[in-house]
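K.L.:
Provided herewith is a single structure, encoded as structure tokens, for subsequent inquiry.
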Amino acid sequence: MGLVARRIEEAGIPTVTINLIWEFQRALGMPRVAALEHPFGRPYGEVDDRNTQSAVLRAALELFVSAQQPGQVEHLDFVWHEEPKRTRWHPPEPAPIIRYMKEQGKI
Amino acid sequence: MRDHQVDAFRFSGRLVKKIILAAIDAIEPPTNIPWAVPTKPLAESRVALLTTAGVSMHDDVPFDMEGERKDPVWGDPIWRKVRSDATSNAIDVNHLHIDTSYIKSDINVALPLQPLADLAAAGIVGSAAPNHYSIMGFQGEDSSTLENVSGPEIVRSMRDEEVDLAILAPV
């Protein structure tokens, strides 16, 4: 994914990447990162919460104007409405790679 | 906003955090970061969106989940277009690392087509691109096809549709 953003930017189209795991995006060398604490699977906000979805999109758009240097990470101050313990984002069954790594004794 | 620092692992749990930190350690620091400067004001810019959620239109070939189940270190490297007027009723969502039910209920949680259309109607952005994009975030051990085949194809499509700005959101 980071690689695709870099390809698009290299082609002359500016990108903003919205992400929770901003440390990973930064390590990959993303041009502009909008970091926010929304859970996996719902980066723009909760189901049918059009106000938050729109606000996240607008915050990302503003980064095209405000970012002055490659690799800039902007920390957005959106607050998710549930505590992490109550936030469901996991798939119904463990991802194949998790099962595989357990079988290999890697985790 | 300036004082706030996002906790990248707030929702991840210990296991996923451990895997991601190991992945970060394994990344060679990039020698350069690409940088393109916007050429138009937002109000004149055409915007495209990209998600890594494995979204495909019903009339397109879905992302291959059986392949990943058979080979856990492989992720489907294809890309798919999602039309700007797509609704949750018109899409498939295939991703084995998240709960996809939220996106199936409301595509805008990962690909905010309606909010973007609203911003275009309000004149805050120039227009929404006619098509948006999905890839599969999980690529396993080899992301070269995504990087060297799908990436350039997505770029070509964006250029054909005169996209000025792209917003990407990994899930």
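The values are calculated or read from the model by the stated rules, or taken from the named source; none is laboratory data. This is a predicted model, so every value here is computed, not measured. Cβ: placed from backbone, ideal geometry, glycine included. Neighbour counts: every protein chain shown.
K.L.:
Looking at segment B:40-50, is at least one residue part of a helix (DSSP H, G or I) and in contact with a Phe, Trp or Tyr (Cβ under 6 Å, 6 or more places away or on another chain)?
P.N.:
Scanning segment B:40-50, I find no residue that is part of a helix (DSSP H, G or I) and in contact with a Phe, Trp or Tyr (Cβ under 6 Å, 6 or more places away or on another chain), so the answer is no.
K.L.:
Looking only at segment B:20-38, decide whether some residue is modelled with pLDDT of 95 or more and exposed (fewer than 13 other Cβ atoms within 10 Å of the Cβ).
P.N.:
Yes, some residue in segment B:20-38 is modelled with pLDDT of 95 or more and exposed (fewer than 13 other Cβ atoms within 10 Å of the Cβ).
K.L.:
Could you identify the single residue in A:23, A:83 that is more than 7 Å from chain B (Cβ to nearest Cβ), over 25 Å from residue B:93 (Cβ atoms) and free of Cβ contacts under 8 Å to residues at least 12 places away in the same chain?
P.N.:
Within the list A:23, A:83, the selection yields A:83.
K.L.:
While we're on this one: Looking at residue A:61 and the list (1) touching a residue at least 12 places away in the same chain (Cβ under 8 Å); (2) more than 7 Å from chain B (Cβ to nearest Cβ); (3) within 30 Å of residue A:14 (Cβ to Cβ), which single condition is not satisfied?
P.N.:
Residue A:61 satisfies all of (1) touching a residue at least 12 places away in the same chain (Cβ under 8 Å); (2) more than 7 Å from chain B (Cβ to nearest Cβ); (3) within 30 Å of residue A:14 (Cβ to Cβ) except (2).
K.L.:
Here's something else I'd like to know. Pull out all pairs, ordered by first then second residue, where Cβ-Cβ is under 6 Å, the residues are six or more apart or on different chains, the first lies in segment B:8-19 and is at the interface with chain A (Cβ under 7 Å from one of its Cβ atoms), and the second is not in a helix (DSSP H, G or I).
P.N.:
B:8/A:21; B:10/A:37; B:11/A:39; B:11/A:87
K.L.:
Suppose we filter segment B:139-171 for residues that are more than 7 Å from chain A (Cβ to nearest Cβ) and closer than 17 Å to residue A:41 by Cα; how many remain?
P.N.:
The qualifying residues number 1.
K.L.:
Let me ask you something else. Specify the residue that is farthest from residue B:101 (Cα to Cα); the eligible residues are those in segment A:64-80 that are of a type in the set (A, V, I, L, M, F, W, C) and touching a residue at least 24 places away in the same chain (Cβ under 8 Å).
P.N.:
Only one residue fits best here, namely A:67.
K.L.:
Here's another thing I want to ask about it. When residues of segment A:26-50 are filtered for being facing chain B (nearest Cβ under 7 Å) and under 10 Å from the mean Cα position of the chain (by Cα), how many remain?
P.N.:
Qualifying residue count for the region: 9.
K.L.:
While we're looking at this one, here's another question. Kindly evaluate residue B:80 against the criterion of being among the basic types (Lys, Arg), under 13 Å from the mean Cα position of the chain (by Cα) and more than 30 Å from residue B:41 (Cβ to Cβ).
P.N.:
The answer is yes for residue B:80.
K.L.:
Related question: Take the residues in segment A:3-36 that are among the acidic types (Asp, Glu) and surrounded by fewer than 21 Cβ atoms within 10 Å (Cβ to Cβ), then tell me which one is modelled with the highest pLDDT.
P.N.:
Filtering segment A:3-36 for residues that are among the acidic types (Asp, Glu) and surrounded by fewer than 21 Cβ atoms within 10 Å (Cβ to Cβ), the one modelled with the highest pLDDT comes out as A:10.
K.L.:
Let me ask another. Tell me, please, whether a residue that is at pLDDT below 95, surrounded by fewer than 18 Cβ atoms within 10 Å (Cβ to Cβ) and among the small types (Gly, Ala, Ser) can be found in segment A:66-74.
P.N.:
Yes, segment A:66-74 contains a residue that is at pLDDT below 95, surrounded by fewer than 18 Cβ atoms within 10 Å (Cβ to Cβ) and among the small types (Gly, Ala, Ser).
K.L.:
Looking at segment B:19-31, can you tell me whether even one residue there is in contact with a Gly (Cβ under 6 Å, 6 or more places away or on another chain) and part of a strand (DSSP E or B)?
P.N.:
no
K.L.:
Just to check your reading of the model, which residue among B:151, B:123, B:140 is at pLDDT 95 or above and more than 16 Å from the chain's Cα centre (by Cα)?
P.N.:
B:123
K.L.:
Tally up the residues in segment B:45-100 that are surrounded by fewer than 17 Cβ atoms within 10 Å (Cβ to Cβ), touching a residue at least 40 places away in the same chain (Cβ under 8 Å) and either within 19 Å of residue A:46 (Cα to Cα) or within 12 Å of another protein chain (Cβ to nearest Cβ) (or both), please.
P.N.:
2
K.L.:
For the list (1) basic (Lys, Arg); (2) assigned to a helix (DSSP H, G or I); (3) at pLDDT 90 or above; (4) exposed (fewer than 13 other Cβ atoms within 10 Å of the Cβ), I need the number of the one condition that residue B:14 fails.
P.N.:
(3)
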